[in-house]
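The values are calculated or read from the model by the stated rules, or taken from the named source; none is laboratory data. All values derive from a computational prediction rather than experimental measurement. No Cβ is skipped: glycine too gets one built from the backbone with ideal geometry, and neighbour counts run over all protein chains shown.
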Amino acid sequence: MNQDNNDFNLRVIPALLDEMLFWNRQLDEHARLIRSGVDLGEDNVFREADQYVVMYDQLLTQLQSTELNANPSMVIYLLNRTRMLAAGLREFKIKVAQGIAECRIKAMIPADLVDHIRRELDFFIGNLNAVTNGPIPTWEDLGLDHIQQNVSLVPRMLLGEIENRIVCQVSLEEMLFWTHISGDHANLLASYFKPNIQAQFTQETSQFGAEFDRLHQQTFQLRNQRGNLAGIMQSAAELNQCWLNYLLELGRLLASCRIPGQGINLWPALVTHIYREQEYFQSVLMILLPKAQMENC
Ligand SMILES: [Fe+2]
Ligand SMILES: [Fe+2]
């Protein structure tokens, strides 16, 4: 399918801008994460990651211009620029994840984490393409299941408009994607606290990881059968709110140097990065949950 097909309804522009403003910032930080997560001698990875950081910073500056809503041709330009950068960054992430998995690239970050940020990129581009006639990712691309079925993605600002049975399909897929992502976040954080002195944080974040993994399993079991998806979404919203509160407090402890043993063994900005993604998940749940309840999903 043509990546530059811009034959779409201009009504979706605010939803496109919302997705681009949110996710391009996250992708910028993904490039920085790769940059700071590989070994000191990995010059090729540094150079390529740095190029993405520069290009994403330029793109974000343009996206933050206040007149964009009234300038469709500029939005289309930025949409194409976003797609082009994302296509390159996607290949880079796949290459780095394979290199780490095969020990050709020495790194502190695991290959699984690089695959996690590749799945986030596919989710983002899928949201844009869903309303601009571009290629849609499959369940396998987003790590939902090993099947080639297309995902029913909808940008979050347009989720309020969906109705009838599509509500249950979109809710199932958003839940499968985000409970997996959230479990990864908590399990990742748990592995980076200092031994002994921060054992309490390891234990608490591991607990969040286990609870998101449990909700993911429960949702996964519903993919081919009816069940209480709305009930699991309610539990996810409650758990995610506790997780957001926890991350906020952790960020405060780090910013004020009040965490036992001072810093943690990972980049403090990653806590904020994860917080933003969990907030995105919460905003999706707040829109979909009443709809899923009404449809008896
Ligand atoms: Fe991310
Ligand atoms: Fe993430």
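Within the range 35-57, residues that are under 19 Å from Leu21 (Cα atoms) and in a helix (DSSP H, G or I) have Cβ atoms under 7 Å from residues that are at pLDDT below 95 and among the acidic types (Asp, Glu) in no pair, counting only partners at least 6 apart in sequence or on another chain. Report yes if some residue within the range 214-234 is out of contact with any strand residue (DSSP E or B) (no Cβ under 7 Å at 6 or more places or on another chain), within 28 Å of Asp141 (Cβ to Cβ), hydrophobic (A, V, I, L, M, F, W, C) and within 16 Å of ligand 2 (Cβ to nearest atom); otherwise report no. No. Residue count for the range 97-116 satisfying the condition of being among the β-branched types (Val, Ile, Thr) and either surrounded by fewer than 17 Cβ atoms within 10 Å (Cβ to Cβ) or more than 18 Å from the chain's Cα centre (by Cα) (or both): 2.
Pairing each residue of the range 178-193 that is touching a residue at least 40 places away in the same chain (Cβ under 8 Å) with any residue that is of a type in the set (Gly, Ala, Ser) and more than 14 Å from ligand 1 (Cβ to nearest atom), provided the two are 6+ apart or on different chains, yields C-beta distances under 7 Å for Thr179/Ala236; Ala186/Gly209. In the range 93-113, what count of residues is obtained for those that are farther than 16 Å from Glu140 by Cα, within 15 Å of ligand 1 (Cβ to nearest atom) and part of a helix (DSSP H, G or I)? Residues flagged as farther than 16 Å from Glu140 by Cα, within 15 Å of ligand 1 (Cβ to nearest atom) and part of a helix (DSSP H, G or I) within the range 93-113 amount to 4.
Would you confirm, using the coordinates I've provided, whether Tyr275 is among the aromatic types (Phe, Trp, Tyr) and free of Cβ contacts under 8 Å to residues at least 40 places away in the same chain? Yes; evaluated as a whole, the condition is true for this residue. Can you find, within the range 244-277, the residue that is farthest from ligand 1 (Cβ to nearest atom) among those that are within 16 Å of Leu113 (Cβ to Cβ) and surrounded by fewer than 15 Cβ atoms within 10 Å (Cβ to Cβ)? It comes out as Asn265.
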